[in-house]
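The values are calculated or read from the model by the stated rules, or taken from the named source; none is laboratory data. Note that this is a predicted model, so its numbers are computed, not measured. Virtual Cβ from ideal backbone geometry, glycine too; neighbours counted across all protein chains shown.
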Amino acid sequence: MNFIQDLRLLLKSRYPIILINTREEERLEYMMKNHISCLDNEKVYCWDFVDGYTNNPNDNGYAQRNPLLALEFIEKLDNRYLNLFILKDFDSFFRDVGLIRKLRNLSQIIKTQSKNIIIVSCKVNIPYTLNDVITVIDLPLPNLPEIKKEIKRLSIALSIVLDIELVNNLAKSCQGLSIDRIRKVITRTIAQYGQLDSRSLSIIIEEKRQIINQTRLLEFYPYKKANKDIGGLNALKLWLKKRSRSFSKQSFDYGIPTPKGLLLVGIQGTGKSLTAKAIANDWTLPLLRLDIGKLFGGLVGESESKMREMVTIAEGLSPCVLWIDEIDKAFSNLYSQGDSGTSARVFGTFITWLSEKTTPVFVVATANTIQNLPSEMLRKGRFDEIFFLDLPNNEERELIFQIHLKRIRPQSWQNYNTKQLSLLCNKFSGAEIEQAIVESMHTAFSEEREFSTEDIKIALGQFVPLAYTDKEQVENLQAWAASGRARNASLQ
(Lines give C-alpha, C1' and ligand atoms only; values in the text may rest on other atoms or scores of the structure.)
Protein backbone atom coordinates (compact mmCIF):
# COMPACT_ATOMS: atom_id res chain seq x y z
CA MET A 1 0.00 0.00 0.00
CA ASN A 2 1.44 3.40 -0.97
CA PHE A 3 1.28 6.71 0.88
CA ILE A 4 -1.87 8.00 -0.88
CA GLN A 5 -3.73 4.76 -0.17
CA ASP A 6 -2.62 4.80 3.48
CA LEU A 7 -3.71 8.41 3.93
CA ARG A 8 -7.05 7.92 2.19
CA LEU A 9 -7.76 4.94 4.42
CA LEU A 10 -6.98 6.93 7.56
CA LEU A 11 -9.22 9.81 6.43
CA LYS A 12 -12.11 7.52 5.56
CA SER A 13 -11.68 5.72 8.89
CA ARG A 14 -12.27 9.07 10.63
CA TYR A 15 -8.86 9.42 12.22
CA PRO A 16 -9.26 13.02 13.47
CA ILE A 17 -5.64 14.23 13.64
CA ILE A 18 -2.83 12.90 11.46
CA LEU A 19 0.79 14.06 11.63
CA ILE A 20 2.72 13.68 8.36
CA ASN A 21 6.46 13.61 8.81
CA THR A 22 8.07 15.32 5.80
CA ARG A 23 10.15 18.29 4.67
CA GLU A 24 8.34 18.42 1.31
CA GLU A 25 5.41 20.70 2.05
CA GLU A 26 4.89 21.73 -1.57
CA ARG A 27 4.81 18.14 -2.81
CA LEU A 28 2.43 17.13 -0.02
CA GLU A 29 0.02 19.98 -0.84
CA TYR A 30 0.08 18.97 -4.50
CA MET A 31 -0.75 15.36 -3.58
CA MET A 32 -3.58 16.52 -1.31
CA LYS A 33 -5.20 18.70 -3.96
CA ASN A 34 -4.76 16.27 -6.84
CA HIS A 35 -5.17 12.84 -5.23
CA ILE A 36 -7.29 13.45 -2.14
CA SER A 37 -9.57 16.48 -2.49
CA CYS A 38 -10.45 16.00 -6.17
CA LEU A 39 -11.51 12.43 -5.64
CA ASP A 40 -13.43 13.04 -2.44
CA ASN A 41 -14.87 16.51 -3.19
CA GLU A 42 -12.95 17.74 -0.16
CA LYS A 43 -11.96 21.35 0.54
CA VAL A 44 -8.37 21.92 1.66
CA TYR A 45 -7.38 24.73 4.04
CA CYS A 46 -3.70 25.46 4.74
CA TRP A 47 -2.45 27.34 7.79
CA ASP A 48 0.99 28.47 8.96
CA PHE A 49 2.04 30.75 11.77
CA VAL A 50 3.16 33.66 9.56
CA ASP A 51 0.46 33.79 6.86
CA GLY A 52 -2.48 32.27 8.69
CA TYR A 53 -5.04 30.45 6.51
CA THR A 54 -4.61 30.43 2.73
CA ASN A 55 -6.28 28.68 -0.23
CA ASN A 56 -9.60 30.40 0.39
CA PRO A 57 -10.11 34.09 -0.57
CA ASN A 58 -12.66 34.65 2.20
CA ASP A 59 -10.30 33.48 4.93
CA ASN A 60 -6.88 34.57 3.66
CA GLY A 61 -4.66 35.68 6.55
CA TYR A 62 -7.07 34.53 9.22
CA ALA A 63 -5.44 33.33 12.50
CA GLN A 64 -2.03 34.81 11.68
CA ARG A 65 0.38 34.22 14.56
CA ASN A 66 -2.46 32.69 16.58
CA PRO A 67 -2.50 28.88 16.68
CA LEU A 68 -5.38 28.75 19.17
CA LEU A 69 -7.55 30.84 16.82
CA ALA A 70 -6.58 28.44 13.99
CA LEU A 71 -8.12 25.56 15.96
CA GLU A 72 -11.24 27.58 16.81
CA PHE A 73 -11.69 28.25 13.07
CA ILE A 74 -11.77 24.49 12.48
CA GLU A 75 -14.34 24.00 15.21
CA LYS A 76 -16.69 26.74 13.96
CA LEU A 77 -16.44 26.11 10.21
CA ASP A 78 -19.61 25.02 8.40
CA ASN A 79 -19.96 21.24 8.54
CA ARG A 80 -21.87 20.80 5.27
CA TYR A 81 -18.70 20.02 3.26
CA LEU A 82 -15.78 17.67 3.68
CA ASN A 83 -12.98 19.83 5.04
CA LEU A 84 -9.29 19.03 5.31
CA PHE A 85 -7.06 21.31 7.40
CA ILE A 86 -3.30 21.31 6.86
CA LEU A 87 -1.46 22.91 9.77
CA LYS A 88 2.22 23.48 9.09
CA ASP A 89 4.76 23.14 11.93
CA PHE A 90 1.92 23.05 14.44
CA ASP A 91 3.89 20.63 16.60
CA SER A 92 6.12 23.60 17.53
CA PHE A 93 3.33 24.73 19.87
CA PHE A 94 2.91 21.44 21.69
CA ARG A 95 4.52 22.94 24.79
CA ASP A 96 1.40 25.09 25.29
CA VAL A 97 -0.93 23.33 27.76
CA GLY A 98 -3.93 25.25 26.44
CA LEU A 99 -3.32 24.15 22.85
CA ILE A 100 -2.88 20.54 23.90
CA ARG A 101 -6.21 20.66 25.76
CA LYS A 102 -7.89 22.32 22.76
CA LEU A 103 -6.55 19.63 20.40
CA ARG A 104 -7.84 16.86 22.65
CA ASN A 105 -11.28 18.48 22.85
CA LEU A 106 -11.33 19.11 19.10
CA SER A 107 -10.38 15.52 18.33
CA GLN A 108 -13.57 14.36 20.05
CA ILE A 109 -15.75 16.92 18.29
CA ILE A 110 -14.58 16.32 14.71
CA LYS A 111 -14.96 12.56 14.97
CA THR A 112 -18.65 13.14 14.28
CA GLN A 113 -18.05 15.81 11.61
CA SER A 114 -16.65 15.78 8.09
CA LYS A 115 -13.35 17.29 9.15
CA ASN A 116 -9.77 16.08 9.38
CA ILE A 117 -6.66 17.81 10.69
CA ILE A 118 -3.26 17.12 9.16
CA ILE A 119 -0.19 18.46 10.92
CA VAL A 120 2.89 18.74 8.70
CA SER A 121 6.19 18.47 10.54
CA CYS A 122 9.87 17.84 9.81
CA LYS A 123 10.27 15.90 13.04
CA VAL A 124 8.06 13.58 15.08
CA ASN A 125 7.91 15.01 18.58
CA ILE A 126 4.52 14.31 20.14
CA PRO A 127 3.93 14.83 23.86
CA TYR A 128 2.69 11.85 25.82
CA THR A 129 -0.72 13.47 26.39
CA LEU A 130 -1.40 13.50 22.62
CA ASN A 131 -0.15 9.99 21.78
CA ASP A 132 -3.68 8.56 21.70
CA VAL A 133 -5.00 11.49 19.64
CA ILE A 134 -2.45 11.86 16.84
CA THR A 135 -1.62 9.23 14.22
CA VAL A 136 1.81 9.49 12.55
CA ILE A 137 2.53 8.67 8.91
CA ASP A 138 5.70 9.34 6.91
CA LEU A 139 5.71 10.81 3.42
CA PRO A 140 8.41 8.78 1.67
CA LEU A 141 10.86 10.40 -0.71
CA PRO A 142 9.89 10.24 -4.39
CA ASN A 143 10.08 6.75 -5.87
CA LEU A 144 11.59 5.89 -9.25
CA PRO A 145 8.39 6.42 -11.34
CA GLU A 146 7.79 9.82 -9.67
CA ILE A 147 11.37 10.91 -10.36
CA LYS A 148 11.18 9.81 -14.01
CA LYS A 149 7.93 11.71 -14.42
CA GLU A 150 9.49 14.87 -12.94
CA ILE A 151 12.62 14.62 -15.14
CA LYS A 152 10.47 14.20 -18.25
CA ARG A 153 8.31 17.15 -17.20
CA LEU A 154 11.39 19.33 -16.71
CA SER A 155 12.89 18.26 -20.04
CA ILE A 156 9.66 19.21 -21.85
CA ALA A 157 9.46 22.55 -20.05
CA LEU A 158 13.09 23.29 -20.96
CA SER A 159 12.79 21.92 -24.53
CA ILE A 160 15.46 19.25 -23.98
CA VAL A 161 15.28 15.87 -25.70
CA LEU A 162 16.34 12.93 -23.52
CA ASP A 163 16.67 9.27 -24.49
CA ILE A 164 15.15 6.57 -22.27
CA GLU A 165 18.51 5.27 -21.00
CA LEU A 166 19.60 8.73 -19.82
CA VAL A 167 16.24 9.28 -18.07
CA ASN A 168 16.66 5.94 -16.27
CA ASN A 169 20.25 6.75 -15.21
CA LEU A 170 19.32 10.23 -14.02
CA ALA A 171 16.32 8.89 -12.10
CA LYS A 172 18.40 6.23 -10.33
CA SER A 173 21.03 8.82 -9.42
CA CYS A 174 18.33 11.13 -8.02
CA GLN A 175 16.90 8.52 -5.66
CA GLY A 176 17.06 9.88 -2.13
CA LEU A 177 16.49 13.50 -3.19
CA SER A 178 13.31 15.50 -2.69
CA ILE A 179 11.40 16.79 -5.72
CA ASP A 180 12.61 20.31 -4.97
CA ARG A 181 16.24 19.14 -4.82
CA ILE A 182 15.81 17.23 -8.08
CA ARG A 183 14.57 20.38 -9.79
CA LYS A 184 17.48 22.38 -8.44
CA VAL A 185 20.15 19.88 -9.44
CA ILE A 186 18.68 19.45 -12.94
CA THR A 187 18.54 23.20 -13.55
CA ARG A 188 22.06 23.56 -12.12
CA THR A 189 23.32 20.96 -14.58
CA ILE A 190 21.67 22.74 -17.49
CA ALA A 191 23.08 26.09 -16.33
CA GLN A 192 26.59 24.58 -16.18
CA TYR A 193 26.63 22.40 -19.30
CA GLY A 194 23.72 23.72 -21.34
CA GLN A 195 22.17 20.24 -21.50
CA LEU A 196 21.52 17.03 -19.60
CA ASP A 197 24.00 14.22 -20.22
CA SER A 198 26.23 11.77 -18.33
CA ARG A 199 28.09 14.70 -16.74
CA SER A 200 24.93 15.42 -14.76
CA LEU A 201 25.50 12.30 -12.65
CA SER A 202 28.57 13.70 -10.87
CA ILE A 203 26.65 16.88 -9.93
CA ILE A 204 23.77 14.77 -8.57
CA ILE A 205 26.20 12.69 -6.48
CA GLU A 206 27.78 15.86 -5.06
CA GLU A 207 24.30 17.16 -4.18
CA LYS A 208 23.57 13.92 -2.34
CA ARG A 209 26.85 14.13 -0.46
CA GLN A 210 26.02 17.63 0.79
CA ILE A 211 22.49 16.69 1.88
CA ILE A 212 23.56 13.54 3.70
CA ASN A 213 26.47 15.22 5.44
CA GLN A 214 24.10 17.96 6.65
CA THR A 215 22.15 15.36 8.62
CA ARG A 216 25.24 14.72 10.78
CA LEU A 217 24.07 11.12 11.11
CA LEU A 218 25.30 9.64 7.87
CA GLU A 219 28.34 10.37 5.77
CA PHE A 220 28.34 9.89 2.00
CA TYR A 221 31.64 8.04 1.99
CA PRO A 222 34.02 8.12 -0.98
CA TYR A 223 35.59 4.79 -1.85
CA LYS A 224 38.45 3.78 -4.12
CA LYS A 225 39.11 0.30 -2.80
CA ALA A 226 38.16 -2.96 -4.48
CA ASN A 227 38.42 -6.64 -3.57
CA LYS A 228 41.79 -6.80 -5.32
CA ASP A 229 43.11 -4.35 -2.68
CA ILE A 230 42.40 -6.88 0.08
CA GLY A 231 44.99 -9.54 0.79
CA GLY A 232 43.38 -12.94 1.41
CA LEU A 233 39.86 -13.38 2.84
CA ASN A 234 39.05 -15.70 -0.07
CA ALA A 235 35.92 -17.23 1.48
CA LEU A 236 34.45 -13.78 2.11
CA LYS A 237 35.37 -12.59 -1.40
CA LEU A 238 33.69 -15.64 -2.95
CA TRP A 239 30.53 -15.06 -0.87
CA LEU A 240 30.41 -11.45 -2.06
CA LYS A 241 31.11 -12.36 -5.69
CA LYS A 242 28.07 -14.69 -5.75
CA ARG A 243 25.89 -11.78 -4.61
CA SER A 244 27.42 -9.02 -6.73
CA ARG A 245 24.33 -8.83 -8.97
CA SER A 246 21.76 -9.26 -6.21
CA PHE A 247 20.35 -5.75 -6.67
CA SER A 248 19.81 -6.06 -10.41
CA LYS A 249 16.45 -6.39 -12.15
CA GLN A 250 17.49 -9.85 -13.37
CA SER A 251 18.00 -10.98 -9.78
CA PHE A 252 14.59 -9.61 -8.78
CA ASP A 253 12.92 -11.38 -11.73
CA TYR A 254 14.71 -14.60 -10.75
CA GLY A 255 13.04 -14.37 -7.34
CA ILE A 256 16.15 -14.00 -5.16
CA PRO A 257 15.46 -12.15 -1.88
CA THR A 258 17.46 -8.94 -1.43
CA PRO A 259 20.55 -9.58 0.76
CA LYS A 260 20.27 -8.07 4.23
CA GLY A 261 23.94 -7.62 5.08
CA LEU A 262 27.02 -8.87 6.90
CA LEU A 263 28.45 -8.69 10.39
CA LEU A 264 32.24 -8.64 10.16
CA VAL A 265 33.93 -9.55 13.43
CA GLY A 266 37.67 -9.48 13.78
CA ILE A 267 40.86 -8.27 15.33
CA GLN A 268 41.67 -4.63 14.72
CA GLY A 269 43.47 -3.96 11.44
CA THR A 270 42.38 -7.14 9.64
CA GLY A 271 40.43 -5.37 6.87
CA LYS A 272 36.84 -5.02 8.11
CA SER A 273 36.44 -1.36 7.11
CA LEU A 274 38.35 -1.98 3.90
CA THR A 275 35.88 -4.73 3.02
CA ALA A 276 32.90 -2.38 3.43
CA LYS A 277 34.47 0.07 0.97
CA ALA A 278 35.34 -2.72 -1.45
CA ILE A 279 31.76 -4.04 -1.46
CA ALA A 280 30.37 -0.64 -2.45
CA ASN A 281 33.03 -0.24 -5.14
CA ASP A 282 32.64 -3.70 -6.66
CA TRP A 283 28.84 -3.56 -6.58
CA THR A 284 28.82 0.07 -7.85
CA LEU A 285 26.55 1.21 -5.01
CA PRO A 286 26.71 4.41 -2.92
CA LEU A 287 28.39 3.92 0.46
CA LEU A 288 26.83 5.52 3.55
CA ARG A 289 28.81 5.48 6.79
CA LEU A 290 26.88 5.64 10.05
CA ASP A 291 28.56 6.88 13.21
CA ILE A 292 26.22 5.05 15.53
CA GLY A 293 27.28 7.15 18.51
CA LYS A 294 25.59 10.16 16.88
CA LEU A 295 22.22 8.45 17.16
CA PHE A 296 22.13 9.02 20.89
CA GLY A 297 20.73 12.40 21.92
CA GLY A 298 20.12 13.99 25.28
CA LEU A 299 16.38 14.67 24.93
CA VAL A 300 13.70 12.07 25.57
CA GLY A 301 12.74 10.40 22.30
CA GLU A 302 15.54 12.12 20.34
CA SER A 303 17.59 8.95 19.83
CA GLU A 304 14.64 6.97 18.49
CA SER A 305 13.80 9.88 16.17
CA LYS A 306 17.36 9.93 14.84
CA MET A 307 17.22 6.19 14.18
CA ARG A 308 14.02 6.65 12.15
CA GLU A 309 15.65 9.52 10.24
CA MET A 310 18.68 7.35 9.46
CA VAL A 311 16.46 4.56 8.17
CA THR A 312 14.47 7.00 6.00
CA ILE A 313 17.64 8.42 4.40
CA ALA A 314 19.21 5.00 3.79
CA GLU A 315 16.04 3.56 2.27
CA GLY A 316 15.57 6.69 0.16
CA LEU A 317 19.03 6.17 -1.34
CA SER A 318 18.62 2.44 -1.89
CA PRO A 319 20.10 0.41 -3.37
CA CYS A 320 23.11 1.30 -1.25
CA VAL A 321 25.63 -0.07 1.24
CA LEU A 322 25.19 1.11 4.85
CA TRP A 323 28.46 0.77 6.75
CA ILE A 324 28.18 0.74 10.56
CA ASP A 325 31.68 0.84 11.99
CA GLU A 326 32.42 -0.61 15.45
CA ILE A 327 28.81 -1.43 16.28
CA ASP A 328 30.02 -3.19 19.42
CA LYS A 329 30.88 0.16 21.05
CA ALA A 330 27.25 1.27 20.95
CA PHE A 331 25.50 -1.94 21.98
CA SER A 332 27.92 -3.79 24.27
CA ASN A 333 26.50 -4.47 27.76
CA LEU A 334 23.22 -3.14 26.46
CA TYR A 335 20.98 -3.89 29.41
CA SER A 336 23.41 -2.63 32.05
CA GLN A 337 23.71 0.90 30.67
CA GLY A 338 22.28 3.60 32.91
CA ASP A 339 20.44 5.62 30.25
CA SER A 340 16.79 4.93 31.17
CA GLY A 341 16.54 2.28 28.45
CA THR A 342 17.40 4.56 25.52
CA SER A 343 20.10 2.20 24.18
CA ALA A 344 17.74 -0.77 24.44
CA ARG A 345 14.98 1.06 22.56
CA VAL A 346 17.33 2.21 19.80
CA PHE A 347 18.73 -1.31 19.56
CA GLY A 348 15.23 -2.79 19.35
CA THR A 349 14.29 -0.41 16.54
CA PHE A 350 17.50 -1.24 14.71
CA ILE A 351 17.27 -5.03 14.82
CA THR A 352 13.57 -4.95 13.93
CA TRP A 353 14.44 -2.92 10.84
CA LEU A 354 17.27 -5.36 10.01
CA SER A 355 14.87 -8.30 10.14
CA GLU A 356 11.92 -6.75 8.35
CA LYS A 357 13.43 -4.34 5.79
CA THR A 358 12.51 -5.04 2.19
CA THR A 359 14.37 -2.14 0.59
CA PRO A 360 17.78 -2.95 -0.97
CA VAL A 361 19.99 -1.54 1.80
CA PHE A 362 22.97 -3.86 2.35
CA VAL A 363 24.19 -3.38 5.93
CA VAL A 364 27.87 -4.00 6.69
CA ALA A 365 28.45 -3.83 10.44
CA THR A 366 31.93 -4.26 11.93
CA ALA A 367 32.91 -5.24 15.46
CA ASN A 368 36.23 -5.69 17.25
CA THR A 369 34.71 -7.54 20.19
CA ILE A 370 31.76 -9.88 20.25
CA GLN A 371 31.37 -11.26 23.77
CA ASN A 372 29.25 -8.39 25.07
CA LEU A 373 27.02 -7.92 22.03
CA PRO A 374 23.36 -8.87 22.60
CA SER A 375 22.54 -12.40 21.41
CA GLU A 376 19.57 -10.97 19.45
CA MET A 377 21.99 -9.36 17.01
CA LEU A 378 23.82 -12.62 16.33
CA ARG A 379 20.89 -14.85 15.53
CA LYS A 380 20.00 -15.78 11.96
CA GLY A 381 17.70 -13.35 10.19
CA ARG A 382 19.45 -10.17 11.32
CA PHE A 383 22.39 -10.58 8.96
CA ASP A 384 22.84 -13.01 6.09
CA GLU A 385 26.17 -14.15 7.52
CA ILE A 386 28.70 -13.47 10.26
CA PHE A 387 32.32 -13.63 9.13
CA PHE A 388 35.39 -13.72 11.35
CA LEU A 389 38.47 -11.91 10.07
CA ASP A 390 41.48 -13.48 11.78
CA LEU A 391 45.11 -12.39 11.68
CA PRO A 392 46.44 -13.13 8.17
CA ASN A 393 48.28 -16.37 7.53
CA ASN A 394 51.68 -16.54 5.82
CA GLU A 395 50.26 -16.55 2.27
CA GLU A 396 47.92 -13.67 3.04
CA ARG A 397 50.72 -11.63 4.63
CA GLU A 398 52.78 -11.99 1.45
CA LEU A 399 49.81 -10.78 -0.61
CA ILE A 400 49.37 -7.80 1.74
CA PHE A 401 53.02 -6.83 1.30
CA GLN A 402 52.64 -7.06 -2.48
CA ILE A 403 49.47 -4.95 -2.53
CA HIS A 404 51.06 -2.12 -0.53
CA LEU A 405 54.35 -2.20 -2.41
CA LYS A 406 52.60 -2.24 -5.80
CA ARG A 407 50.69 0.86 -4.75
CA ILE A 408 53.73 2.89 -3.62
CA ARG A 409 56.40 1.38 -5.93
CA PRO A 410 54.51 0.15 -9.01
CA GLN A 411 57.71 -0.13 -11.10
CA SER A 412 60.06 -1.72 -8.57
CA TRP A 413 57.88 -3.68 -6.12
CA GLN A 414 59.36 -6.98 -7.32
CA ASN A 415 62.75 -5.94 -5.92
CA TYR A 416 61.41 -6.55 -2.41
CA ASN A 417 61.54 -10.04 -0.90
CA THR A 418 57.91 -10.32 0.17
CA LYS A 419 58.19 -14.06 0.87
CA GLN A 420 60.95 -13.49 3.40
CA LEU A 421 59.16 -10.51 4.93
CA SER A 422 55.93 -12.46 5.43
CA LEU A 423 57.80 -15.08 7.47
CA LEU A 424 59.12 -12.41 9.81
CA CYS A 425 55.76 -10.95 10.83
CA ASN A 426 53.73 -13.77 12.28
CA LYS A 427 50.65 -12.49 14.15
CA PHE A 428 50.83 -9.09 12.42
CA SER A 429 47.60 -7.61 11.10
CA GLY A 430 47.34 -6.03 7.65
CA ALA A 431 47.31 -2.54 9.18
CA GLU A 432 50.46 -3.32 11.17
CA ILE A 433 52.24 -4.57 8.05
CA GLU A 434 51.34 -1.33 6.28
CA GLN A 435 52.64 0.70 9.22
CA ALA A 436 55.95 -1.19 9.17
CA ILE A 437 56.40 -0.30 5.48
CA VAL A 438 55.64 3.36 6.23
CA GLU A 439 58.17 3.35 9.08
CA SER A 440 60.87 1.92 6.80
CA MET A 441 60.14 4.63 4.24
CA HIS A 442 60.56 7.35 6.89
CA THR A 443 63.93 5.88 7.88
CA ALA A 444 65.23 5.72 4.30
CA PHE A 445 63.85 9.15 3.38
CA SER A 446 65.60 10.77 6.36
CA GLU A 447 68.85 9.27 5.02
CA GLU A 448 68.05 10.41 1.44
CA ARG A 449 67.94 6.95 -0.12
CA GLU A 450 65.42 4.38 -1.35
CA PHE A 451 63.98 2.04 1.27
CA SER A 452 64.82 -1.65 0.99
CA THR A 453 63.75 -5.06 2.25
CA GLU A 454 66.29 -4.68 5.04
CA ASP A 455 64.64 -1.45 6.20
CA ILE A 456 61.27 -3.21 6.40
CA LYS A 457 62.89 -6.06 8.38
CA ILE A 458 64.25 -3.59 10.93
CA ALA A 459 60.86 -1.88 11.22
CA LEU A 460 59.12 -5.24 11.76
CA GLY A 461 61.61 -6.10 14.49
CA GLN A 462 60.86 -2.89 16.36
CA PHE A 463 57.08 -3.28 16.09
CA VAL A 464 55.04 -4.97 18.83
CA PRO A 465 51.75 -6.17 17.30
CA LEU A 466 48.36 -6.12 19.01
CA ALA A 467 48.45 -9.92 19.26
CA TYR A 468 51.06 -9.47 22.01
CA THR A 469 49.97 -6.19 23.63
CA ASP A 470 46.34 -7.39 23.96
CA LYS A 471 46.97 -11.11 23.87
CA GLU A 472 44.04 -12.17 26.06
CA GLN A 473 41.43 -10.27 24.03
CA VAL A 474 42.80 -11.58 20.71
CA GLU A 475 42.85 -15.18 21.93
CA ASN A 476 39.33 -14.92 23.35
CA LEU A 477 38.06 -13.66 20.00
CA GLN A 478 39.83 -16.46 18.12
CA ALA A 479 38.39 -19.04 20.53
CA TRP A 480 34.89 -17.62 20.04
CA ALA A 481 35.23 -17.94 16.24
CA ALA A 482 36.74 -21.43 16.50
CA SER A 483 33.63 -22.61 18.37
CA GLY A 484 31.70 -22.40 15.09
CA ARG A 485 29.74 -19.23 15.76
CA ALA A 486 31.08 -17.46 12.67
CA ARG A 487 32.48 -18.34 9.27
CA ASN A 488 36.21 -17.88 8.76
CA ALA A 489 36.69 -15.24 6.08
CA SER A 490 39.92 -16.86 4.88
CA LEU A 491 38.99 -20.56 4.68
CA GLN A 492 36.79 -21.90 1.89
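Some notes on this structure:
Here is a yes/no grid of residues against (1) surrounded by fewer than 16 Cβ atoms within 10 Å (Cβ to Cβ); (2) of a type outside the set (Ser, Thr, Tyr); (3) in contact with a Gly (Cβ under 9 Å, 6 or more places away or on another chain); (4) modelled with pLDDT of 90 or more:
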{"residue": "Ile147", "(1), (2), (3), (4)": "no, yes, no, yes"}
{"residue": "Ala157", "(1), (2), (3), (4)": "yes, yes, no, no"}
{"residue": "Asp163", "(1), (2), (3), (4)": "yes, yes, no, no"}
{"residue": "Thr187", "(1), (2), (3), (4)": "yes, no, no, no"}
{"residue": "Tyr193", "(1), (2), (3), (4)": "yes, no, no, no"}
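- Only one of the numbered conditions (1) touching a strand residue (DSSP E or B) at 6+ places or on another chain (Cβ under 7 Å); (2) more than 15 Å from Cys46 (Cα to Cα); (3) in a helix (DSSP H, G or I) is violated by Thr135, and that is (3).
- Residue list for the stretch 242-256, restricted to those being among the aromatic types (Phe, Trp, Tyr) and touching a residue at least 12 places away in the same chain (Cβ under 8 Å): Phe247
- Restricting the search to helices (runs of 4 or more DSSP H) fully inside the stretch 390-465 and requiring at least 3 residues that are of a type in the set (Asp, Glu) gives 394-408, 430-446.
Here is a yes/no grid of residues against (1) under 30 Å from Ser332 (Cα atoms); (2) surrounded by fewer than 17 Cβ atoms within 10 Å (Cβ to Cβ); (3) assigned by TED's automatic domain parsing to the domain that holds Pro360; (4) among the aliphatic types (A, V, I, L, M):
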| residue | (1), (2), (3), (4) |
| --- | --- |
| Met377 | yes, no, yes, yes |
| Gly381 | yes, yes, yes, no |
| Phe401 | no, no, no, no |
| Asn415 | no, yes, no, no |
| Lys419 | no, yes, no, no |
| Val438 | no, yes, no, yes |
| Glu448 | no, yes, no, no |
| Ala479 | yes, yes, no, yes |
| Ser490 | yes, no, no, no |
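- The C-beta contact set for the stretch 456-478 (first residue aromatic (Phe, Trp, Tyr), second residue assigned to a helix (DSSP H, G or I) and modelled with pLDDT of 90 or more, distance under 9 angstrom, 6+ apart or interchain) comprises Phe463/Glu432; Phe463/Gln435; Phe463/Ala436; Phe463/Glu439; Tyr468/Val474.
- Being part of a strand (DSSP E or B) and not small (Gly, Ala, Ser) is a description that does not apply to Ile156.
- Condition check for Glu24: in contact (Cβ under 8 Å) with a residue 60 or more places away in the chain and of a type outside the set (S, T, N, Q): yes
- Selection status of Asn394, within 31 Å of the chain's Cα centre (by Cα), within 30 Å of Arg243 (Cβ to Cβ) and of a type in the set (S, T, N, Q): no
- Boolean, Ile109 is buried (at least 17 other Cβ atoms within 10 Å of the Cβ) and either within 23 Å of Lys12 (Cβ to Cβ) or among the basic types (Lys, Arg) (or both): no
- Inter-residue pairs, beta-carbon under 8 Å, first of a type in the set (D, E, K, R) and in the stretch 414-438, second in a loop (DSSP other than H, G, I, E, B) and crowded, with 22+ Cβ neighbours inside 10 Å, 6+ apart: Lys427/Leu391; Lys427/Pro465; Glu432/Gly269; Glu432/Cys425; Glu432/Pro465
- Cβ-Cβ under 6 Å pairs, at least 6 apart or on other chains, the stretch 343-356 side in the same structural domain as Thr258 (by TED's automatic domain parsing) and of a type outside the set (A, V, I, L, M), far side surrounded by fewer than 19 Cβ atoms within 10 Å (Cβ to Cβ) and at pLDDT 85 or above: Trp353/Val311
- Meets criteria (in a loop (DSSP other than H, G, I, E, B), in contact (Cβ under 8 Å) with a residue 24 or more places away in the chain, crowded, with 18+ Cβ neighbours inside 10 Å and in the same structural domain as Ile370 (by TED's automatic domain parsing)) for Leu285: yes
- Among the residues of the stretch 171-224, the one identified as aromatic (Phe, Trp, Tyr) and assigned to a helix (DSSP H, G or I) is Tyr193.
- Selection within the stretch 197-241 - in contact (Cβ under 8 Å) with a residue 40 or more places away in the chain, among the polar types (S, T, N, Q) and out of contact with any helix residue (DSSP H, G or I) (no Cβ under 7 Å at 6 or more places or on another chain): Asn234
- Verdict on Tyr30 being at pLDDT 85 or above, under 37 Å from the mean Cα position of the chain (by Cα) and closer than 22 Å to Asp138 by Cβ: yes
- Among the residues making up the stretch 248-275, those that are at pLDDT 85 or above, closer than 18 Å to Phe362 by Cβ and not in a helix (DSSP H, G or I) are Ile256, Pro257, Thr258, Pro259, Lys260, Gly261, Leu262, Leu263, Leu264, Val265, Gly271.
- Of the criteria (1) within 21 Å of Lys123 (Cα to Cα); (2) β-branched (Val, Ile, Thr); (3) in contact with a Cys (Cβ under 9 Å, 6 or more places away or on another chain), which one Ile17 fails: (3)
- Scope the stretch 11-27; condition in a helix (DSSP H, G or I) and either of a type in the set (Asp, Glu) or in contact with a strand residue (DSSP E or B) (Cβ under 6 Å, 6 or more places away or on another chain) (or both); matching residues: Leu11, Glu25, Glu26
- Residues of the stretch 77-96 that turn out to be among the polar types (S, T, N, Q) and more than 22 Å from Glu25 (Cβ to Cβ), as a count: 1
- Ile182 under 29 Å from the mean Cα position of the chain (by Cα) and surrounded by 12 or more Cβ atoms within 10 Å (Cβ to Cβ): yes
- Qualifying position, being under 30 Å from the mean Cα position of the chain (by Cα) and in a helix (DSSP H, G or I), among Leu166, Leu106, Leu99: Leu166
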